[in-house]
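The values are calculated or read from the model by the stated rules, or taken from the named source; none is laboratory data. Owing to the predicted nature of the structure, the values given are computational and were not obtained by experimental measurement. Cβ coordinates were reconstructed from backbone atoms using ideal geometry, including for glycine residues, and neighbour counts include every protein chain displayed. These accessible areas exclude ligands, DNA and RNA; they are computed on the full protein's heavy atoms, side chains included. Shrake-Rupley method; radii C 1.70, N 1.55, O 1.52, S 1.80 Å.
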Amino acid sequence: MRINYNYIKLLALVVVITGLYAFSNQRSAKRSINGIAIDFVENQNLFITEGAVNKLLIQKFGSLENVPKEKLVLNTIEKAIEANKMVKSAQVYLTVNGKLASKIIQRTPIGRIEGDSKFYLDEDGKRMPLSTSYSARVPIITGRITEKGLADVYKILNYVNTDEFLKKNIIGLHIENEDEYQLRFRTEEFVVDLGDVERLEEKFSNFKAFYAKANKDKTLQNYDVVSLEFDNQVVCTKI
């Protein structure tokens, strides 16, 4: 019987490679965490700090330093971070140099409610608590705060944030009643009666045309109320 040494060499090579791979995996699993790296993405304003995230992890899991990697359940750590009301999502992973890393996306507020309860309205239309670390510069919402009102405010602010002029100049929104909303501008004394949330594009287009002409004529300071409630027109009340 003739022995094929090529097959034996190939088999030996496979055994060696498999053994090295298993040995490498075993050693890697036994390695311990040698540090924690927190990275906030998409938003530089920290509503929750790196120190707060570290404290959260210690309270939930104890010190993760020197914990063997095989004992970590990354999905559980992600869920613990995402349970914080300032966090929108978190991705937790292990780096090649043995650090436990987390990329965190914070929630983004678009308005701040000032009433019996104080909170932010976030980019998804949900309530977001205020932060002790940072105060967002967003329009202030006042008046009769109801769920219907907040839903309408969310629709208004979403539209405002698509327009650079409106986003730059609108600093406040007052809920007079359901379907009766008023806007306040950064540098103008007049109040804008928006009415309901129907025909927002038409209303704001009419307002910007009025504003451009009145600004050119230097008459903006003459008005007390600017109403956008009526179809295809701007009605102004003079001081």
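Solvent-accessible surface of segment 129-221, averaged per residue with a 1.4 angstrom probe and all protein chains in place: 56 square angstrom. Under conditions of 37 °C and 0.692 mPa s, the chain yields 147 µm² s⁻¹ as its translational diffusion coefficient, taking Rh as the Kirkwood radius over Cα pairs in the Stokes-Einstein equation. Helix 50-61 axis versus longest C-alpha principal axis of the chain: approximately 50°, rounded to the nearest ten. Over the chain, dividing the summed -39,500 (n - 2.57) contributions of all DSSP H runs of at least 4 residues by the number of residues returns a 222 nm mean residue ellipticity of -11500 deg cm²/dmol.
The share of Cα pairs per 5 Å bin across segment 98-180, counted from zero up to the longest distance, runs 3, 14, 25, 24, 15, 8, 4, 3, 2, 1, 0, 0 percent.
In this calculation the C-beta distance from Phe165 to Tyr93 is compared with R0 = 35 Å, giving a FRET efficiency of 0.25.
Annotation: the antiparallel percentage among DSSP beta bridges lying fully within the chain is about 65. Shown for segment 103-146: the carbon plus sulfur share of the solvent-accessible area, taken with all protein chains present and a 1.4 angstrom probe, equals 46%. Each Lys and Arg contributes +1 and each Asp and Glu -1, all at the Cβ; summed about the Cα centre of segment 49-196, the dipole is approximately 1020 debye. Relative to the current alpha-carbon distance between Lys69 and Ile145, full extension at 0.36 nm per residue lengthens the span by 22.5 nm. Towards the positive end of the charge dipole of the chain, with charges on Cβ (+1 Lys, Arg; -1 Asp, Glu), say which of Gly115, Asn75, Val192 has the farthest Cα. Projecting each Cα onto the dipole axis, the largest value belongs to Asn75.
Of the beta bridges in segment 27-142, as assigned by DSSP with both residues counted there, near 65 percent are antiparallel.
Full extension of the chain between Ile58 and Asp217 gives 51.0 nm of extra length, using 0.36 nm per residue less the Cα-Cα distance. Descending by average beta-carbon neighbour count within 10 Å, the peptides 171-184, 48-61 line up as 171-184, 48-61, the highest first.
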